[in-house]
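Everything below concerns the one structure shown next.
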Amino acid sequence: MKLATLKNNTRDGQLVVVSKDLTRYCVADNIAPTLQAALDNWADSAPKLEALYRDVEHNAVPCERFHEREAHSPLPRAYQWADGSAYINHVELVRKARGAEVPESFYSDPLMYQGGSDAFLGPRDTIPLGDPAWGCDMEGEVAVITNDVAAGVSDADAASHIKLIMLCNDVSLRGLIPGELAKGFGFFQSKPPSAFSPVCVTPDELGDAWSGDVIHLPLHVDYNDAPFGRANAGVDATFSLAQLVAHAAKTRPLSAGTVIGSGTVSNQDADGGPGKPCSEGGLGYSCIAEIRMIETINDGAAKTPFMSAGDTVRMEMLDANGHSIFGAIEQEVVAV
């Protein structure tokens, strides 16, 4: 099934069930007023939402036109947002650009940080930028939402706790990251609010594309209306999303409504190289930092600038028939 949260005059919005083709919706407030409320009682609410989804598909209930611009992120705020780094190619590029080796442990022990989850951006909300020197970057990712997860869950059992899947633009301020990491205490100011796709879906909606707890489809990232990234989320994933959930829950339980991100989707070239731009026939990149790293490695200095006021980004994933699965994240950077 497909779920969304429409903006209204409350912080947490209104839960709706959306048709498969993303054209219609039916309000679900007789089942749960918000997505978080549904997740808090998922065993009871999920079958009812599935039944409503079938009714929406069969035009058995009154529906209204679904407009992605009216949607908030599926969870406008969450109890927890933790972002991993499943795609080691991204990590390798970051470290190679500064002449550092990737520690062997990175291939068996995922990187993860805890981000701010109290105020996500909507998929059509602007990206506020206070200073261009902060180095505003997009990061195209896949994210999952869990129900309650017990501490110490195994990788295999963690997969059963992935209830919903969506896309993410994990906004990063690259210019602030080095100073924060130098303090030895992790990200904070360098990680402003992230945005998520208009719609989240249950794993079964993805069919065969959901295998091994990753999505085997390209993530389309357009930057200023030009193709920027087409990396496949099912390729070069060192860790599955279930493994990231288990990693997050190693020493503590995760509450229903926890959001776990994949990290920037990143592919190598077929020959094992770091990846080429879409304009050169490659799969491109899901963030600006990667092309800057490759420029630094090849030419000694980065030349592609980070985002500034007026720049736009669009992120979307299409099924095998070319239909949008989650709707699109479409954002413009604005000076504040």
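The values are calculated or read from the model by the stated rules, or taken from the named source; none is laboratory data. Please read these numbers as outputs of a predicted model, since none were measured by experiment. Glycine also receives a Cβ, built like all others from the backbone with ideal geometry; neighbour counts cover every protein chain displayed. With ligands, DNA and RNA removed, areas are computed over all heavy atoms of the protein, side chains included. Shrake-Rupley method; radii C 1.70, N 1.55, O 1.52, S 1.80 Å.
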**OP:** Find how many whole Å separate the alpha carbon centroid of the range 1-64 from the alpha carbon centroid of the range 259-336.
**Re:** 31 Å
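State, as an integer percentage, the relative contact order of the chain based on alpha-carbon contacts under 8 Å between residues 6 or more apart. All intermediate terms of the calculation are to be shown ahead of the outcome.
On the way: 841 pairs, mean separation 75.7, N = 336.
The value is 23 percent.
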Original post:
Rg and Dmax of the range 23-75, Cα atoms, in Å?
Top reply: 11.4, 30
**OP:** Place the peptides 25-34, 326-335, 52-61 in order of packing, highest mean first, counting for every residue the other Cβ atoms within 10 Å and averaging per peptide.
**Re:** 326-335, 25-34, 52-61
**OP:** Taking the Cα atoms of the range 1-117, report the difference between the largest and smallest coordinate on each principal axis, in whole Å and largest first.
**Re:** 59, 28, 27
Original post:
For the range 227-278, what is the accessible area per residue in Å² when the probe is 1.4 Å?
Top reply: 34 Å²
**OP:** Over the range 52-125, give the accessible area per residue in Å² for a 1.4 Å probe, as an integer.
**Re:** 51 Å²
**OP:** Heavy atoms only, probe 1.4 Å: what % of the accessible area of the chain goes to carbon and sulfur, would you let me know?
**Re:** 50 percent
**OP:** Express the accessible area of the range 156-220 per residue in Å², computed with a 1.4 Å probe while the remaining protein chains stay in the model.
**Re:** 40 Å²
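Based on the Kirkwood radius over alpha-carbon pairs, what value in µm²/s does the Stokes-Einstein equation return for the translational diffusion coefficient of the chain at 10 °C and 1.306 mPa s? List each step's numbers first, then the result.
Details: Rh = 20.1 Å.
Answer, rounded: 79 µm²/s.
Please give the per residue volume of the convex hull enclosing the alpha carbon atoms of the range 117-203, rounded to a whole number of Å³.
Details: hull volume 11.0 nm³, N = 87.
Cα-based convex hull of the range 117-203, divided per residue, equals 127 Å³.
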**OP:** Provide the descending list of Cα extents for the range 38-197 along its principal axes, expressed in whole angstroms.
**Re:** 60, 40, 24
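Which value at 222 nm does the chain reach when only helices count, each DSSP H run of 4 or more adding -39,500 (n - 2.57), with the total divided by all residues and rounded to the nearest 500 deg cm²/dmol? Walk me through the intermediate numbers first.
Values: 7 runs with 63 residues, N = 336.
About -5500 deg cm²/dmol.
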Subject >> Kyte-Doolittle at least -1.0, axis length at least 20 Å by Cα - qualifying DSSP helices, the chain >> reply: 42-57
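In square nanometres, what is the average projected area of the Cα convex hull of the range 151-240? Walk me through the numbers before you get to the answer.
Values: hull surface 33.6 nm².
The directionally averaged projection comes out at 8.4 nm².
Compute the normalised compactness of the range 178-289: alpha-carbon radius of gyration over 2.2 N^0.38 Å, N being the residue count.
Working: Rg = 16.3 Å, N = 112, 2.2 N^0.38 = 13.2 Å.
Cα-based Rg divided by the globular estimate yields 1.23.
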Subject >> Amide H within-cut-off set for I127, under 5 Å, with H built and near neighbours excluded >> reply: E332, V333, V334
